[in-house]
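Only the coordinates and a few stated rules stand behind these numbers; no lab work does. What you see is a predicted model, and the numbers here were worked out from it, not measured in a lab. Methodologically, a virtual Cβ is constructed for each residue, glycine included, from the backbone with ideal geometry; neighbour enumeration extends over all protein chains shown.
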Amino acid sequence: MPLTAGDQTMKRVLVTMLVGLLTSMVLVSQVRGDELRNVKRGEKIPAFRLPTLSGQVFSNESLEGKAYVLVYLSAEQKSSELAAAESQDIARKYADEPIRFIHATADIVHRAYFEKLREDKGIELPLGLDPARDLYASLGMIVFPTTIVVDREGRLMHVISTRGPDYAHELECYVKHALGILDDEGLTEALTARTSQEHSPQSLASRHRAAARLLRDKGLLDSAEAELTAALEYDPDNRDVKLDLADLYLLKSDGQRAEEIVDAILAEDPRHHRARLLKGIALFRMWKLDEAERILKEVLVLNPDPARTHYYLGLLYELRGQQDQAVEHYREALRRLLNEPGLPPSPESEP
């Protein structure tokens, strides 16, 4: 017997309710986090000693009596980059609390990559170096990034394997638990309450924005534009999404539409760093070279994206036939991208 329209509607409602229930059950089951292979929750973290980029040394002894968060990162991995930035944000929020935050990596051959990442993202947390993977092996980590939360007695409390869309929320809940701000019941409530936020306008906009980035990287510009447009329908005041769209228009050689978006943001915030950079690029794309030069030079002082700024100044001077200045900016753009020193001093300049 075929289903009526009412039966089909009821079926969809039941499926939605079941999905919501299963999601809640999964979240509750994950309250205690993921696992390490070699250390169980409640067990002591093995002794470790990590020299850092700045010359400090972090060890169990230096952290004695303090709760701490350790985020183990991989080089050139987007999820590690996001985990690094988000854990830094949480560290700033709890800077006055008795909890420390540390990043760690075994990829010391990628030192230049990490230095650039930390500069670009404003990351100030110490980066511990584990070149022989001693800490990685003793804990029994499985994936990158892995985040562990340790209590004041040095015992493992929580583990977050990889970095999912709720990473920042989950980590902050675990930090509050480690500090005693949340008890076990409060932790469960805080994590499961996330279910009702999964379909918030901001969350949906964030998903569309992430999809747009992937599509743009694959060269599917029209599809990326559609995703960003959808994101703005959910979160129309999101400046990051608007600037992503402006940047996409620049990639599609539509400087006028990019400029319209950027001008609206600059009307509200005249010193918005990224907006000013895109303004300069839009003017360049529309052959307004004098205005573009002025703004791009100002942007170099603000320094939102120095390599890109130098590149466009190089293009501008090349169009004008000012080859020496063009080469200077191209060289500086390349130097910043590679994070390498410039030309060595002339032998004649040495004493």
Sequence-distant residues sharing a close amide H with residue 140 (under 5 Å, placed H): 38
Full-extension gain in nm, residue 47 to residue 260, via 0.36 nm per residue minus C-alpha separation: 71.0 nm
Nearest-20 debye value, the range 269-313 charge dipole, Cβ charges on Lys, Arg, Asp, Glu: 100
Dipole axis of the range 75-233 (+1 Lys, Arg; -1 Asp, Glu on Cβ), positive-most option in 106, 139, 212: 106
J(HN,Hα) series, the range 258-272, from Karplus relation 6.51 cos²θ - 1.76 cosθ + 1.60, nearest Hz, glycine and proline x: 4, 5, 4, 5, 5, 4, 5, 6, 5, 5, 8, 9, x, 10, 4
Projected label distance in nm at residue 267 and residue 193, using a 7 Å step from Cα toward the beta-carbon: 3.8
Out-of-range pairs (alpha-carbon distance over 27 Å; input 121/288; 121/242; 121/279; 93/279; 78/297): 121/288; 93/279; 78/297
Calculated FRET value between residue 237 and residue 217, using beta carbons and R₀ = 22 Å, to 0.05: 0.30
Shape of the range 87-229, Cα gyration tensor, a/c cut at 1.5: oblate
Residue 210 paired with residue 251, simple spin-label distance in nm, labels 7 Å along Cα-to-beta-carbon: 1.8
Overall form of the range 238-338 per C-alpha gyration tensor (a/c, 1.5; a/b vs b/c): prolate
Hz values of 3J(HN,Hα) by residue in the range 163-170 - Karplus curve (6.51, -1.76, 1.60), Gly and Pro given as x: 9, x, x, 9, 3, 4, 5, 5
